[in-house]
1. Under 8 Å between Cβ atoms, which residue pairs at least 6 apart in sequence (or on different chains) link something in segment B:246-257 that is farther than 15 Å from B:Gly316 by Cβ with a partner that is among the aromatic types (Phe, Trp, Tyr) and not in a strand (DSSP E or B)?
2. Of all residues being of a type outside the set (D, E, K, R) and within 19 Å of A:Ile166 (Cβ to Cβ) in segment A:10-20, which is farthest from the other protein chains (Cβ to nearest Cβ)? Just the residue, please.
3. Tell me, yes or no, whether segment B:300-311 has at least one residue that is surrounded by 21 or more Cβ atoms within 10 Å (Cβ to Cβ), away from every other protein chain (no Cβ under 12 Å) and modelled with pLDDT under 85.
4. Among the listed residues A:Ser167, A:Ser138, A:Ser171, A:Ser189, which satisfies the condition of being closer than 28 Å to B:Glu389 by Cα, among the small types (Gly, Ala, Ser) and within 17 Å of the chain's Cα centre (by Cα)?
5. As an exercise: evaluate A:Ile103 against (1) touching a strand residue (DSSP E or B) at 6+ places or on another chain (Cβ under 8 Å); (2) free of Cβ contacts under 8 Å to residues at least 24 places away in the same chain and give the number of the one condition it does not meet.
6. Would you mind finding the one in B:Arg333, B:Arg351, B:Arg321 that is within 11 Å of another protein chain (Cβ to nearest Cβ) and not in a helix (DSSP H, G or I)?
7. Between A:Asp19, A:Asp56, which is in a helix (DSSP H, G or I), loosely packed, with under 14 Cβ neighbours inside 10 Å and over 18 Å from the mean Cα position of the chain (by Cα)?
8. Is one or more of the residues making up segment A:260-267 buried (at least 20 other Cβ atoms within 10 Å of the Cβ), within 26 Å of B:His293 (Cα to Cα) and within 10 Å of another protein chain (Cβ to nearest Cβ)?
Amino acid sequence: MWTEKYRPQVLDDMVNQTDIVSRLKTFVKERSLPHLLFVGPAGIGKTTSILAMARDLYGPGYRNYILELNASDERGIDVIRDKVKNFARTAAIAGDVSFKILIMDEADSLTTAAQHALRRIMEIYTGTCRFCLIGNYSENIIDPIQSRCSIFRFRPLSEADTKEWISTIASKEGVQLLEKGLEAIYEASKGDLRKSINLLQAAAAVQGSAVDDIAVYSILGRVSPRKVRDMIDLGLKGEFVEAREVLRSLLVDEGLAAKDIIRIVYSEVLKLNIPEIWKVRLSDTIGEIDYRLIQGGTAEIQLSVLVAKLALAGEKI
Amino acid sequence: MSQPWSSLFRPCTLKEIAGNEKAIRQLQIWLKSWEGGAPKQRAAFLYGPPGVGKTCTVTALAADQGYELIEVNASDRRTKKRLNALIGRSIHQRDTITGKRRMVLFDELEGVSEHGGVRAIASIIKEAEVPIVLIATSIGERWEDKFRPLKDISLHIKYTAVPFSQSLARLKVIVGELEIHVDEDVLELLANRSRGDLRSTINDLEAIARGRTRITMAEASVLTDRDRNDYTPDALMKLFSAKTLSDARRVISSAHIPYDDLFNWIYENLPLVLNDTSDLAEGIDALSRADIHKIRARRTQDYRLIKYMFDEMTGGVALARRSSEEVDLPYFRSPQLVWRYRRTWHSRRCRKSIAKRIAERCHISTREVVAEIIPLLKVIYEEDPSMAEGISRWLDLEDKEIKWMRS
């Protein structure tokens, strides 16, 4: 996949996030680093930076000295504690570097309780292990962790930088990318480089030559879960039972997480051709359901409230 | 005497079976019709409440008529292939080597899914050269939706609860054989409280009488403060027609399934019962809040909070009815989500292992992979085989995983 093929391997390859990269280079030179907290939107180089820094720091065998965990995939803080313990128990003998690096992605999705536990783990293993926590928002990271980390705020890439990256990859892959196609990719993904590159690759697969805006939009049409739209439409028509079947299919057959479904529902509802006041009412319902999901509510039960509310909206309009 | 009494006193002959004379006669006539070659309906479908003698009829009849009975249990996974491997030969040959005739019994059909099992059984029936008996414990008056494929190819034989007088008579016979004395009013209580489920009547008798020779109401009092359980559809019927919170609430303790299961039954059937949109929205919202109360009780480990869940899932649902018309449901649907999970097991396993590999190589979460990457990859697999091949190699995908990507 092109996102990996063109991921910068070492800090010198990185052309954006220059301030952060130069700080990271200092850490490499000093052979020492604090705990790190990387925050910023998706696809702008947070994971790439830490991986590149690790490679510069440890050399080609860097994989032995890092452990990547994704908070949204790990079941519970105890699992994390065990993994960290096993990882940090053996000291790194990588020349003059005496610590390993644990990379925790989506750290901001950990519950407050889990973060407090994580803070304890960080303290216990500081001698042998540095933590690099990655997340979208620093607000979701508890203060005690923030105060123990150097915080790096990653800024979204500028439009010009993003477009330059995409064009470069397109020409290396021999894809003729038309100006309108490039524009459409940027519009769809803004500064999210991962999303841009994935879109480019899919568009190139569909239309080998001359990728234009139509090719890009056709991809977007095919991947934006049409089933979510079906569910909304059935709901508005008052077909609750059928809409619920679609919901089940999204959860089970497609394997989508409740929070992804609700995110798509929200953006689709705003696009609906319904009275504005109903958008506000539905947004309120979605907000309530989103909160109940965060509290641990069962995905299917909670999301079907939305379907019932859509049916109500459809009847009143 | 260590055997449970309900199996010790299980009827061995047709005469010992209490009640359901008409059903038994129907089955006898149907079996007799096989003597002139396979009749139009090659299967007999016995359905009715539990503990009334459905299985007993079949085993007794088979013994009586000299059939060798081949029993297939519902706990087996029933695909056409497995079924054929299991009983394939016996359904095509009418006689065993010793000249005995064969009969096949599928018991506990209520536990079989439509796609996995019912269809496989239906196709077996169409080819069968021997009598096939199907048994399902069903509580509703009418057919469960999933048995549709069996509807036209089987003779329907309905069992009903054993009448009070016959339960009582059977109890007296058993008490006589055990040589114990049980007061008449205790026997009446036992016969009455199980509502025609003779097996559980005998279980109740054993519970109070084992190890004793003389039973009075005093010994039986242990039973009286416990309400006889409602079968799920009865419980649902009571719940959906309740007019007060306390009536609705009672269903939690009277239903014979755990409250979590009851919750799922309510959720499944609510939209069929509440046909007014705002009633339904209110009812579903009550379930949603019930769900949250449950989570809070679990999280805090303070189960005083569970009563709020019960109030919402019973009263909240029952009292949501304002403008909905009364509907006479032909049957209640069993919770469907479980079946969907079972049906899609292979596909979900494929997706999971692919997602995990992509997540590792692309340094993102599997959740993101499923939501963002896989849909794009599926486009690529459909449109550009050579690019797809490269990706398959890079991800080290197995053949079945590649097939999944293409589907």
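The values are calculated or read from the model by the stated rules, or taken from the named source; none is laboratory data. Note that this is a predicted model, so its numbers are computed, not measured. Cβ sites come from the backbone with ideal geometry, for glycine too, and all protein chains shown count toward neighbours.
1. From segment B:246-257, the pairs are B:His256/B:Tyr231; B:Ile257/B:Trp265.
2. Taking the candidates together, the pick is A:Val15.
3. no
4. None of the others qualify; the one that does is A:Ser189.
5. Status for A:Ile103: all satisfied but (2).
6. None of the other options fit; the residue is B:Arg333.
7. Only one candidate qualifies: A:Asp19.
8. Checked against the condition, which is being buried (at least 20 other Cβ atoms within 10 Å of the Cβ), within 26 Å of B:His293 (Cα to Cα) and within 10 Å of another protein chain (Cβ to nearest Cβ), segment A:260-267 yields at least one hit.
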